[in-house]
Each structure stands twice: as structure tokens, then as C-alpha cells.
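Bear in mind that the values in this text are calculations on the coordinates, not laboratory data. Given the structure is predicted, the values throughout are model-derived calculations rather than measurements. All Cβ positions, even for glycine, are placed from backbone atoms using ideal geometry, and neighbour counts span all protein chains on display.
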Amino acid sequence: QRRTSSSYILLHHHTSSGLNSMGTRRVLVTGCSSGIGLAVAVRLAKDELRRFKVVATMRDAGKRGALEKAAGDSLNETLEIKQLDVCCEDSIRECVNSLPDRRVDVLVSNAGVGMIGPLESQSIAAMKELFDTNFFGLARLVKEVLPDMKRQQSGHIVVMSSVMGIQGLLFNDVYSASKFAVEGFCESLAVQAMKFNIKTTLVEPGPVVTEFERKVYEDAEKMDLSGADEETAKIFREVYLPYSKKIFSSLGQTPEEVQTFKVITAEDPPLRHQTNRLYVPMTALKHADPTGRLPLDAFYKMTFKHNSVFNATLGVLRMLQRRAGEK
Ligand code: NAD
């Protein structure tokens, strides 16, 4: 059957703007059993304009309870739950194969794990495991969906990075390295993707209050610090942990405040989206001084020299954040 020219234009229009024939975009999100992944999946599913079909995936489908509850009426309407382990290529392929035409318009690579502590107390096996999720998980996902996006000449790859993907932080050596890997990967890929009309966005939150924080501190409490010298163990326990908990409780955002939804619905999404403006000066320090002395000195002083300055700064930041929230 021949298409009329107007229906052709309509279909063509839909294809080039990343919509399927139903006028909706299919968004695949990883790590949706909690936190930022759950929040964005639900926000997209409840879009007033019904622009999205959400494939909310999780490694363990048994943990679907919180998502089902939050999804409410949108469950099995605009949101479906599927199993996907980012550490397993077969699981990713199976999930994508189960979608009509294998079509994914927006990929949200969100699944990730944290790790803090002195390097001497962490095994290489644990570091590899973290990279397997945080970096290779992303690489596996992109390898699976990129060829189809290229054929469609449309798509958006949204990646949960972190401010620690721009600036390393004390006792976050391995986690930060994994997010630097994510940043380098996406920055490189973005140029090629652009040639195929595929957009790339790195979402860079500061602290967000989720399961992530709870798990990281829980692991830290149980951590065997005997591999580290006494001074290092003391800095970790008595300086880093209390500071870092304070930072989470004063500056931590909610998963909703990360506003991944805003990035996905943007007309012209940015390559980088820093979610917490209080962290912009921290990342700006790095770009202000190519020798790296400026951020190094600032972090050193903040950690080891000026307890009072740190606490005062935190107080001011907290006030600024409260004011911003009131606006
Ligand atoms: P979270 O622990 O609530 O969510 C992470 C999700 O990833 C969990 O549901 C977990 O089950 C899932 N996951 C872990 N391994 C997986 C695997 N192999 N396959 C599929 N899913 C897997 O934490 P969150 O804060 O919502 O974290 C989401 C992302 O945001 C992560 O990439 C994290 O690095 C990033 N991030 C978090 C913070 C923060 O402070 N919470 C800050 C910056 C960036």
C-alpha cells in the first residue's frame, strides 16, 4: 500500500524527532528498585502529556515493591518493569530484544554502586567489581542500543555520573575513578553520536539521599581497617566519616531534585547537567587552575587545617540552599 505524502511526512517527522508511531518515546532506565532510577522512572511514567513509555529495569525483580507502589496507576500503563543486570550482557540483550522493534529512544544508565575508605583496606577484586557495574555496565548498555539508535538517526543517552566524575574526593579514590571513566567515555562518544543525531548527557549530582548513602556508610562501619596505618584509619574514621555524614545531611538532595526528567524533556539537552549548584564552585576550581594546585590546596586545607572554616562554610551553604529551595 502506497503511503500518501502527508502520512509519510508525519511518519518521517516522528522518526527524526525521536518519537515512535504512537508519538511516545520509549525510555529504558537501569537500577530502578530505589533512589534516582526509581524517581525518574516514576516521574516519566506520570508525565501529564503522556510522552513516555518507561521500561523500568532492575537486577532483582523481587525488589519491585517500592517501584510498584510509587508507580501507582501508571504501572503496566506507561511503566513496565523488567529484569536487567548491567553486569550481564545476556540480560541486557534479552531485555532489549523483548521490546517492540528493539526500540529504545532514551537510555538512562543509572545503576551504580559506591565505595569509600582507605585504599589499603580495599581489595583489587572489589575495585574490579565496582568498575564492572559503574563503567562496564554503561559500556555494555551503550554497545547494545547504539547501533539501533544510529539506524534510527535519533536517541538520547543519559548517564548518571557524579560531581566526583569531575573532581576526585578524599577516600573516594576508586568510585571517583569509575565516574572519571564514565565521563571520558561519554565525552568521547558524544561527538560520534552527534553525527547520528544522538544526544548524550552526563548527569552530575552532588550528594543525594538514597540507599546509596546508607549502603556506603554501612560498609564503612564494617570495614576492616587493619590494612591501613593508624593515622590513615584515624583520618577516615574521625575526620572523613563525620564530615561526609554532615555534608549528606545538610547538602544532600532528594532523588527528585536531581531533575533527570528535565534533561530528558529538554529541547536541546546539555552534555553536562550539574544538579546541585552549591557544587559548581568546587568543579570550577579545577578549570580555573590547570596546574591543579588550587583545588588540591583548597581540599587539603578544608580537610586538615580548618575544622571551624569547614563547619562555618557548611552553615552558609546550608542557608543558601534553604533560600534557593524557598524561591
Ligand atoms: P541506589 O543505591 O538507591 O540506586 C542504585 C541502583 O542500582 C540500585 O537500585 C541497585 O540495585 C542498582 N544496581 C546495582 N548494581 C546493579 C546491576 N549490576 N544491575 C542493575 N542494577 C544494579 O543509589 P542512587 O543514589 O539512586 O544511585 C544511582 C546512580 O546515581 C548511581 O550511578 C550513583 O553512582 C549515582 N550518584 C549517586 C549519588 C548519591 O549521593 N546518592 C551522587 C552522585 C551520583
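Considering helices alone, the calculated mean residue ellipticity of the chain at 222 nm is -15000 deg cm²/dmol, with DSSP H runs of length four and up weighted by -39500 (n - 2.57) and normalised per residue. Counting charges near Asn97 (Lys, Arg +1; Asp, Glu -1) among other residues having Cβ under 13 Å from its Cβ returns a value of -2.
The orientation-averaged shadow of the Cα convex hull for segment 5-277, equal to a quarter of the hull surface, comes to 15.0 nm². Among Gly227, Phe261, Cys186, whose Cα sits farthest toward the positive end of the charge dipole of the chain (+1 at Cβ of Lys/Arg, -1 at Cβ of Asp/Glu, about the Cα centre)? The one lying farthest along the dipole's positive direction is Phe261. Net charge of the neighbourhood of Phe180, taken over other residues with C-beta under 11 Å away and scored Lys/Arg +1, Asp/Glu -1, is -2. Can you spot the lysines whose alpha carbon is less than 20 Å from Lys46's alpha carbon? Ignore those fewer than 8 places along the same chain. Once the sequence-local lysines are set aside, what remains near Lys46 is Lys69, Lys82, Lys262.
Each of Ile264, Ile124, Ile198, Ile36 was scored by other Cβ atoms within 10 Å of its Cβ. Arranged with the fewest first, they read Ile124, Ile198, Ile264, Ile36. The angle between the Cα long axis of helix 307-326 and the main principal axis of the chain comes to about 30°, on a 0 to 90 degree scale. Applying 1/(1 + (r/R0)^6) with r as the Cβ-Cβ distance of Arg102 and Glu221 and R0 = 45 angstrom yields a FRET efficiency of 0.55. The magnitude of the dipole of the chain, with charges of +1 and -1 set on the Cβ of Lys/Arg and Asp/Glu and taken from the Cα centre, is near 1180 debye. Straightening the chain between Lys195 and Arg214 buys 2.8 nm, computed as 0.36 nm per residue apart minus the Cα-Cα spacing. Legend: distances between Cα atoms for Lys215/Lys245; Lys179/Lys222; Lys63/Lys245; pairs beyond 21 Å are Lys179/Lys222; Lys63/Lys245. For the pair Leu271 and Glu94 in one chain, pulling the backbone fully straight at 0.36 nm per residue adds 60.8 nm over the alpha carbon distance. Sorted fewest first by neighbouring Cβ atoms within 10 angstrom, Val106, Val29, Val263 come out as Val263, Val106, Val29.
Averaging sequence separations of C-alpha pairs under 8 Å and six or more residues apart, then dividing by the length of the chain, give the relative contact order as a whole percent. After rounding, I find 16 percent. Between Leu294 and Glu120, residue separation times 0.36 nm minus the direct Cα-Cα distance comes to 60.0 nm.
Over all other residues within a Cβ to Cβ distance under 11 Å of Ile264, the charged ones net out to +3, with Lys and Arg as +1 and Asp and Glu as -1. Distance between the C-alpha centres of segment 129-178 and segment 66-121: 13 Å, rounded to the whole angstrom. Residues Lys53, Lys301, Lys286, ranked from the fewest to the most other C-beta atoms within 10 Å, line up as Lys301, Lys286, Lys53.
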